[in-house]
Amino acid sequence: MAQVAAGTAKQPSLAVRLKDVGAWAEWAALVGLVVLVVVFQALNSTFLSLGNIQAMLVAAAILVVLSVGQTFVVATGGIDLSIASTMTFGAVAFGAAFSAELPLAACCLLAVLAGGLVGIVNGLLIGRGKITDFIVTLGTLSAASGVALVLSDGKPVTVVNAFLLRLSTGGLSIFGWPVLIAAVLAVVAHVVLFNTRFGTHVLAAGGSAEAATAAGISNGRIKIAVYTIAGLLAGLAAILLVARVGAAEPASNTSFLLNSVAAVVLGGVSLVGGRASIHGPVIGALLLTALANGLTLVGVSQFYQPIAVGTVVVLAALLTRFQR
């Protein structure tokens with residue numbers, strides 16, 4: 001009987017088994033990316049061709065930039081629903097400056113500042129006004145889109161510039177300049193989040209606002225800072241987008257919003273705050289780009305692609321429940 005009891009005691013409980021799921025859940029995005037690569041390469045041999053890899057990396061660069069900004073916000077337990085509209089607003093500001101024949105540097109600066117302005121407004125309303133981030137960013141989503149349409153009169157501005165053309169088409173080997181910019185940004189963001197006092201405060205504020213306040217951390221200032229970062233990075237993404245499409249489009253692309261949140265979820269960042277990484281959302285952005293690209297190559301209708309993305313995101317969110 002004692003031996004039976006001992007054998008029974010050694011059986012892992014359901015809770016233990018779920019924790020074991022959490023041990024590999026953190027690597028779910030990377031595993032999923034590898035699986036996608038193997039499957040799509042088997043279905044279409046051009047998937048891993050040099051040209052297609054380069055195209056996927058360039059396509060992922062803008063999403064990586066937006067996802068890094070979204071990561072800082074989500075790390076505090078918030079969410080920025082206005083990030084895609086902020087990027088559009090920055091692109092329109094770039095187009096307006098370009099139409100006024102301002103220097104290219106001034107156009108780029110104006111785009112980043114326009115994005116930063118929206119971020120500051122979000123941060124002030126959330127951090128100082130104590131309004132729920134969902135409501136604030138939902139409002140600025142609409143407001144930024146509206147202002148972009150008013151400023152541009154609803155018309156895109158064609159941007160023809162030799163430097164922007166080199167930015168969108170040049171690079172080192174298969175790594176285009178947008179990819180290298182996104183990579184450098186990710187490294188800098190990782191250092192800031194995990195090797196600076198500011199990063200420690202961001203994670204602390206997301207983990208427990210009360211404990212952070214007791215430790216002397218100003219949650220309001222942290223909120224203002226992270227939303228401003230998200231806005232500034234949306235402005236940077238706007239420059240990359242203008243360079244890629246050759247125009248400043250006033251129509252907001254909501255897929256960037258959905259995919260930026262999806263990449264963060266896939267990357268294992270806790271939606272309640274306090275736990276985050278930079279490499280996770282980067283891998284998530286690559287996974288989403290590879291998924292869309294692969295589905296297109298194998299001939300799946302674009303109408304089905306959002307279903308696939310949504311399914312992947314829900315499964316990733318389910319796995320994050322078991323993360324340690």
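The values are calculated or read from the model by the stated rules, or taken from the named source; none is laboratory data. These figures come from a predicted structure and were not determined experimentally. Using ideal geometry, Cβ is built from the backbone for each residue, glycine included, and neighbour counts are taken over all protein chains shown. The area values use the complete protein model at the heavy-atom level, side chains included, leaving out ligands, DNA and RNA. Shrake-Rupley method; radii C 1.70, N 1.55, O 1.52, S 1.80 Å.
Brief remarks follow.
- Selection within the range 109-148 - under 15 Å from Leu236 (Cβ atoms) and open to solvent by less than 30 Å² (accessible area, probe 1.4 Å): Ala111, Ala114, Gly115, Gly116, Val118, Gly119
- When Val37, Val74, Val64 are checked against the criterion of being surrounded by fewer than 24 Cβ atoms within 10 Å (Cβ to Cβ) and either assigned to a loop (DSSP other than H, G, I, E, B) or hydrophobic (A, V, I, L, M, F, W, C) (or both), a single residue qualifies: Val37.
- Residue selected from the range 298-311 under the condition farther than 16 Å from Leu33 by Cβ and not β-branched (Val, Ile, Thr), by the criterion surrounded by the most Cβ atoms within 10 Å (Cβ to Cβ): Gln305
- Scanning the range 114-162 for residues that are in a helix (DSSP H, G or I) and among the acidic types (Asp, Glu) turns up just one, Asp133.
- Some residue of the range 196-212 being hydroxyl-bearing (Ser, Thr, Tyr) and assigned to a helix (DSSP H, G or I): yes
- If you go through the range 77-88 and keep only what is of a type in the set (A, V, I, L, M, F, W, C) and open to solvent by less than 30 Å² (accessible area, probe 1.4 Å), you end up with Leu81, Ile83, Ala84, Met87.
- Condition met for Gly95 (assigned to a helix (DSSP H, G or I), of a type outside the set (S, T, N, Q), farther than 20 Å from Arg244 by Cβ and open to solvent by less than 30 Å² (accessible area, probe 1.4 Å)): no
- Qualifying residue in the range 67-75 (condition: of a type in the set (Phe, Trp, Tyr), touching a residue at least 24 places away in the same chain (Cβ under 8 Å) and more than 12 Å from Ala230 (Cα to Cα)): no
- The residue that is nearest to the chain's Cα centre (by Cα), among those in the range 275-324 that are farther than 20 Å from Ser255 by Cβ and modelled with pLDDT under 85, is Thr320.
- Cβ-Cβ under 6 Å pairs, at least 6 apart or on other chains, the range 99-117 side within 18 Å of Ala162 (Cα to Cα), far side open to solvent by 70 Å² or more (accessible area, probe 1.4 Å) and of a type in the set (Ser, Thr, Tyr): none
- Filtering Leu167, Leu185 for residues that are in a helix (DSSP H, G or I), at pLDDT 95 or above and surrounded by 18 or more Cβ atoms within 10 Å (Cβ to Cβ) leaves a single hit, Leu185.
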